[in-house]
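Have a look at the structure below, then the notes.
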Amino acid sequence: MTPPATTRATAHRPVPTTPEPAPPLDLAARHLTAATPGLAGVLNDRATLRTLLAGPRTVPEIRAITGVSKPTAYQSVARLQGQSLAEPAPVPPRGARRCAGPAAERFQVPAGTAPLAAVTVSAHRIEVALVDVTGRGLGPGTVSTRPGAAGPPGRAEVVGGVTEACRRAGLTPHRLAAVVVGATLAAARHLLDERPGPDEENLPSGLQVHLDADLAATAEQHLGPADLDAHLLVWGGEELLLSGRVQGLPVSGYSGTGLAHRTSRLFRELDLQALDRPARTGPRTDADDAAAELLAAGLARSLVGPVCLLDPHTVVLAGPRLTARAPGLAPLLHRELARLVPAAPAVRGTAVHGDPVLSGALSHGLAEVREQLMNSIGHGTAPGAPPSA
């Protein structure tokens, strides 16, 4: 006879009849984590450095701009001093407004930090300007002329001009954080096709070659009025090129890339010899008015496609061949565009004074070097930082 089965009592948790409701899912919070002390310090140091790049500041001024506490501001300044990115600024001269006490001490980015070179290159001229990351000039720069040159300069000649400018400024070339070159179309092609030589070993950053029209558009964006979020720049250099920035994207002037156009394509129906005649400064004649209207009509026909496709807010006339003619040509070009497109953009001359290509190279280089400087915080020595004493 089989014994009856025995059951052993076991403890069980009561099973709920209905599941407990899950907490609400915050999708945004899934990607947010509390900043660690190291990460918070890096972010504060970057904010402090960004403030000092605009000029000398006291700790109370840094607090007001960045929103950090007083101890945090002093700690950020101390860490930047440890990386040779901050130092006490000179005392204001007698007679200037000065405050007493430790809070009145001003700090600045040391002179010569992260230097860069801006270069403009054409068939007959090489110009070099040196600045540090704050935009302060370093030395007088150099201008080399090439009278009777058979072709555009090579990379070795450009490197030689940069080296000479560094020698005059008392700067070693290997400290340059960037070398931005703005070249004409022919010179840019020659520099890009040529292989780097041994002379460039002293330039760790190498040569960054850009088309002169693109750097002029960069200068127009940074130094011009605030209506250039969507602008198209007509550059009248050795060749007529388009550049600018539309819909947040750059319009490259280099032939064969993006929406680029060379004279033989976009401006093939335009009488380019009319641009080489000197602009009249005295009383205008009927022949001058007829020539200007003919030039405006040719430009308008050439710009119909890019204007309809890109829909810029402003068309800017710049370059050696167009800047002097812009005051009289701009209203004529706007009138001709109004006849050909539904909504004609505004047309005006460049607002950049001096050399727009050199200004654009400086603006481009400063933006790049400052980004490198920000990324270097917390990761070692800053690029091009002056050697510590």
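The values are calculated or read from the model by the stated rules, or taken from the named source; none is laboratory data. All of these numbers come straight from a predicted model, not from anything done at the bench. Glycine also receives a Cβ, built like all others from the backbone with ideal geometry; neighbour counts cover every protein chain displayed.
Is there a residue in segment 14-35 that is closer than 23 Å to Gly135 by Cβ and either assigned to a helix (DSSP H, G or I) or at pLDDT below 75 (or both)? Scanning segment 14-35 turns up no residue that is closer than 23 Å to Gly135 by Cβ and either assigned to a helix (DSSP H, G or I) or at pLDDT below 75 (or both).
Would you mind stating whether Leu176 is of a type in the set (A, V, I, L, M) and within 19 Å of Ala351 (Cα to Cα)? No; evaluated as a whole, the condition is false for this residue. For segment 326-345, state whether one or more residues are more than 16 Å from Leu240 (Cα to Cα), at pLDDT below 90 and part of a loop (DSSP other than H, G, I, E, B). Yes, some residue in segment 326-345 is more than 16 Å from Leu240 (Cα to Cα), at pLDDT below 90 and part of a loop (DSSP other than H, G, I, E, B). Criterion first (in the same structural domain as Val158 (by TED's automatic domain parsing) and out of contact with any helix residue (DSSP H, G or I) (no Cβ under 7 Å at 6 or more places or on another chain)) does Glu201 satisfy it? Criteria met by Glu201. Selection of segment 172-215 for residues being under 19 Å from Val143 (Cβ atoms), outside any strand (DSSP E or B) and not polar (S, T, N, Q) yields Pro173, Leu176, Ala187, Leu191, Leu207, Asp212, Leu215.
May I ask you to verify whether Leu171 is at pLDDT below 95, within 22 Å of Asp355 (Cα to Cα) and not acidic (Asp, Glu)?
no
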